[in-house]
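Data first, discussion second: the structure below is written as structure tokens.
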Amino acid sequence: MTINQSKESEQKRVDQVAGKIERQIERVDASIAQAHKETSRIERNYGENTKVNTTEVDDQMETNASVQQQKQLVALAVENENILNSNRLKLENLQGSPYFGRIDIVEDGEEDTLYIGTSTLQDDDGEFLIYDWRAPISGIYYNGTLGKVTYPTPNGTAEVELKKKRQFQIVHNKIRNMFDTNETVGDEILQSVLSEYSDEYLKSIVATIQHEQNIIIRDTRSDVLLVQGVAGSGKTSAILQRVAYLLYHSRTTMNADNIVLFSPNKLFSNYISEVLPSLGERNMRQVTLNEFISLRLTGVQVETLFERYEKDERNLPETTIKMRLYKESGDFLEHLEQLENDHREHTPYFEDIIFEGKPFFTGDEIAEIYQSTNPAYHIPDRFLKTKNALIKRLQRRIHEDRNEDWVQAEIDNLSDEDFQQIITDHNIEESANQREIIAEEFLRERYAPIYNALLNNYFFNPYKEYLFLLNEMQQSLVSDSVWQTMIESIDNQIEAHKLNLSDSVAILYLRDFVTDGGINHAIQHIFIDEVQDYTMAQLKYISHAFPNAKMTLLGDRSQDVLTSSYRKNDLVTEVNELFKKKRITTITLNQSYRSTAEITNFAKKLLPNGDEVKAFSRQGEDPVIKVFNNDDYYQGLKETAKELNKKYDTVAILARNQAQAEQIYTHFSDESIVTLVDADFRSIPKGILILPIYLAKGLEFDAVIGHDISAKNYPDLRSTDVLYTICTRAMHSLTLCVDGELSPLLQKEPQNLISEH
Ligand SMILES: Nc1ncnc2c1ncn2[C@@H]1O[C@H](COP(=O)(O)OP(=O)(O)OP(=O)(O)O)[C@@H](O)[C@H]1O
């Protein structure tokens with residue numbers, strides 16, 4: 001058969017499948033309408049049932065049972081509707097482009113042809129029209145070259161012969177491109193996908209996943225999967241495909257709520273929010289490091305990475321660097337723990353528990369209980385015994401206070417409804433001492449804040465404990481007076497309810513150690529994007545806080561924008577050292593997909609080990625370096641941006657920091673198509689955008705303009721990471737504007753790229 005004949009018969013199949021998808025959508029719509037009616041009927045019924053008489057105790061009990069039953073019915077009906085809606089979403093996702101791959105295999109002498117798409121589709125006879133890309137057999141499409149290949153089955157590995165691998169690009173149910181290939185996914189389709197212009201949202205790469213990316217997506221063995229991937233190599237894309245893959249394979253034991261992604265900022269969260277729904281899955285939870293820490297340290301304002309970066313840009317003394325590097329190491333957390341253990345005689349710092357303006361338990365009373373526990377026990381055990389003793393004291397108080405006059409008086413003053421509510425809430429039966437039981441329950445409610453304070457260990461002061469340990473620490477990094485000044489400065493910050501990043505993680509770790517708390521067992525997978533921005537102490541803490549979670553860490557040591565002013569780390573070595581007791585797999589991605597070959601080749605020359613980076617063979621225009629005479633700079637920048645915006649929807653002017661971004665904006669403020677983006681933005685508009693580089697991390701734009709790459713602004717090698725990250729945000733066009741003298745980082749560039757204005 002010629003390729004044209006094949007195309008004709010393939011098109012026929014697409015038409016048939018498209019027709020079946022339409023009919024299934026109609027049927028699902030009818031079922032959804034029916035289910036919706038049913039849910040409303042049950043809800044109405046539920047409403048009527050709750051209106052029954054609730055004054056008599058017997059009636060109350062009966063009503064409760066019936067309400068519970070109705071609640072369950074509502075929940076079931078809603079669940080049914082949710083399932084139907086999720087089926088519809090899957091069908092919608094298949095509409096217009098039902099599949100992207102086909103494999104022809106011979107298994108046990110039998111030939112079979114399988115089509116692969118974003119989700120499974122069966123016809124009414126149960127025949128598979130489309131296989132989900134995550135099905136074990138679909139792995140062949142991404143992994144196998146023609147010939148003998150294997151795939152996992154519940155009964156072990158199966159071997160088949162792969163006869164043909166075909167790729168499709170189907171748009172509006174018309175085959176636009178079709179290729180037979182022996183590669184993972186041939187370059188032609190990838191070329192075409194990558195030439196498209198940027199979008200507000202990242203897209204799924206399911207149809208064109210590459211071999212190395214596939215290994216990341218399908219890894220289920222590693223405890224820690226570390227990916228060192230160059231800019232634009234598909235790390236973020238791989239995360240999202242991997243989440244979809246894991247959800248599919250652990251349907252019964254895991255859902256999207258068991259997965260947490262640490263993302264760099266809110267813009268980024270929005271940028272990636274469409275991929276999983278386009279694959280028929282719910283988004284996982286997302287949190288920034290700062291939100292995560294702040295949630296755990298309520299009442300304290302924790303410095304963000306961006307704030308610190310802005311500060312670091314101004315000055316960073318050598319001693320600060322030394323102390324910070326130490327406090328950011330995994331060892332520091334261990335030293336704190338060790339020091340705490342070494343000070344057996346020391347009583348942790350306890351606080352009064354205040355109730356209605358007065359101490360209910362004083363710090364001294366709590367300390368006494370702690371001191372009475374066996375000093376041979378571990379600190380967390382002594383702490384737990386103290387806490388249990390306090391809970392017992394509270395219970396005793398409740399028991400003793402129940403006959404107090406004030407309690408009796410308060411009960412007498414309860415309305416009938418409140419009185420009945422206590423009876424029903426606690427299932428209190430009629431008996432001789434019913435009133436005493438009611439009094440106890442009443443007190444339990446009244447003293448709930450105390451109980452809550454005990455449960456949450458609010459009587460322990462981790463801040464003072466931390467300062468104590470810092471004081472006790474033997475260190476030879478800096479002079480004693482510098483160390484003391486550092487301690488005083490933390491003390492002052494705590495007074496003002498503020499904390500810097502390194503101290504906050506150490507305090508959390510210390511608090512969790514002493515109180516044996518802070519652990520979340522429900523999370524099964526943690527993903528950290530831009531892991532080069534994390535310190536080993538932070539990674540250690542995250543791993544401690546989610547002990548059941550496998551970790552997928554993705555980063556690029558060359559995009560170390562936020563910490564490169566004081567840290568030159570080797571990400572892979574440090575992470576391997578930190579997690580040496582775990583099963584760790586390291587994968588390197590060297591192929592960059594985002595930018596044209598010209599941009600990638602330009603950017604990689606900035607790096608000392610840039611040869612590793614492989615450009616994808618998509619041709620475009622050469623990057624441009626425009627040098628302006630000081631007075632003309634902003635005018636030139638403005639004209640450049642406006643000119644590019646005629647051709648490209650999004651043109652991003654990337655500055656080193658917020659102050660520079662604001663400065664640029666003042667020169668543009670008369671233009672309506674220009675937006676100054678700051679940390680509170682949740683989505684990226686089209687037009688000309690001005691933003692500091694740290695907010696552009698992980699994002700991409702059609703055209704990028706690097707702001708003021710002059711000798712003043714990018715004086716030496718320490719600025720390499722920032723400049724590299726700026727350049728690699730560009731998909732199709734890169735321009736670097738220079739105010740005055742060219743940065744030494746650009747001085748080796750060929751003259752034909754540089755123009756004077
Ligand atoms: N296999 C692929 N098929 C199609 N497009 C791809 C593929 N891999 C990556 N891309 C595209 O390349 C671009 C960069 O991908 P992504 O943002 O995931 O890379 P990254 O490694 O996270 O980048 P960075 O570290 O620079 O932020 C995106 O537009 C993505 O859609």
Report ³J(HN,Hα) in whole Hz for each residue of segment 72-79, in order, from the Karplus equation J = 6.51 cos²θ - 1.76 cosθ + 1.60 where θ = phi - 60°; Gly and Pro get x. 5, 4, 4, 4, 5, 5, 5, 4
Please report, in whole Å, how far the alpha carbons of the chain spread along each principal axis, starting with the longest. 93, 76, 57
Which shape class applies to segment 119-234: rounded if a/c is under 1.5, otherwise prolate when a/b exceeds b/c and oblate if not, where a ≥ b ≥ c are the square roots of the Cα gyration tensor eigenvalues? oblate
Within straight cross-link reach of residue 686, meaning Cα distance under 20 Å, which lysines are found once same-chain residues fewer than 8 apart are removed? 203, 266, 638, 642, 646, 647, 697
Based only on Cα atoms, what Rg/Rh ratio does segment 353-456 have, Rh being taken as Kirkwood's radius? 1.07
Extending each Cα 7 Å along its Cβ direction at residue 364 and residue 12, get the distance between those two points in nm, one decimal. 9.5
Which net charge results when you count Lys and Arg as +1 and Asp and Glu as -1 among the other residues whose beta-carbon is under 12 Å from that of residue 636? -4
Here the residues of segment 598-617 lying in the modelled label zone of residue 752, meaning backbone nitrogen under 14 Å from a point 7 Å along Cα-to-Cβ, are 598
Using modelled backbone amide H atoms (1.01 Å from N, in-plane), which distant-in-sequence or interchain residues come within less than 5 Å of residue 591's amide H? 614
For segment 616-756, what class follows from the C-alpha gyration tensor (a ≥ b ≥ c being the square roots of its eigenvalues): rounded when a/c is under 1.5, otherwise prolate if a/b is larger than b/c, else oblate? rounded
Of 133, 406, 483, how do they rank once you tally other Cβ atoms within 10 Å and put the fewest first? 406, 483, 133
What ranking of 639, 749 emerges when the number of other C-beta atoms within 10 Å of each C-beta is taken as an exposure proxy, fewest first? 639, 749
Counting only DSSP loop positions in segment 641-735, the GluC sites (Glu not before Pro) whose Cβ has at most 15 other Cβ atoms within 10 Å are 671
Residue 35: net charge of surrounding residues, Cβ under 13 Å, Lys/Arg +1, Asp/Glu -1, itself excluded? -1
Around residue 363, what is the net charge, scoring Lys/Arg as +1 and Asp/Glu as -1 over all other residues with Cβ under 12 Å from its Cβ? -4
Cα centroid distance between segment 512-559 and segment 83-118, in Å? 36
Specify the inter-centroid distance of segment 232-265 and segment 468-482, based on alpha-carbon positions, in whole Å. 42
Collect residues whose amide H, placed 1.01 Å from N in the peptide plane, falls under 5 Å from the amide H of residue 300; neighbours closer than 5 in sequence don't count. none
Likely footprinting exposure, 735, 39, 362, fewest C-beta neighbours within 10 Å first: 362, 39, 735
Please say if segment 99-185 is rounded, prolate or oblate, where rounded means a/c under 1.5 for a ≥ b ≥ c the square roots of the C-alpha gyration tensor eigenvalues, and otherwise the choice is prolate for a/b larger than b/c and oblate otherwise? oblate
For segment 102-110, take each phi angle, set θ = phi - 60°, evaluate the Karplus expression 6.51 cos²θ - 1.76 cosθ + 1.60, and give the result in whole Hz per residue in order, putting x for glycine and proline. 9, 10, 10, 10, 10, 10, 6, x, 9
Between segment 690-757 and segment 291-368, what's the alpha-carbon centroid distance in Å? 39
Out of the trypsin sites (Lys or Arg not before Pro) in segment 669-757, which ones are loop residues according to DSSP with at most 14 other C-beta atoms within 10 Å? 682, 712, 748
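Every read-out reported here was derived from the displayed coordinates using simple, explicitly stated rules and does not represent laboratory data. Given the structure is predicted, the values throughout are model-derived calculations rather than measurements. Because the Cβ atoms are built from the backbone with ideal geometry, glycine has one as well, and the counts that use them run over all protein chains shown.
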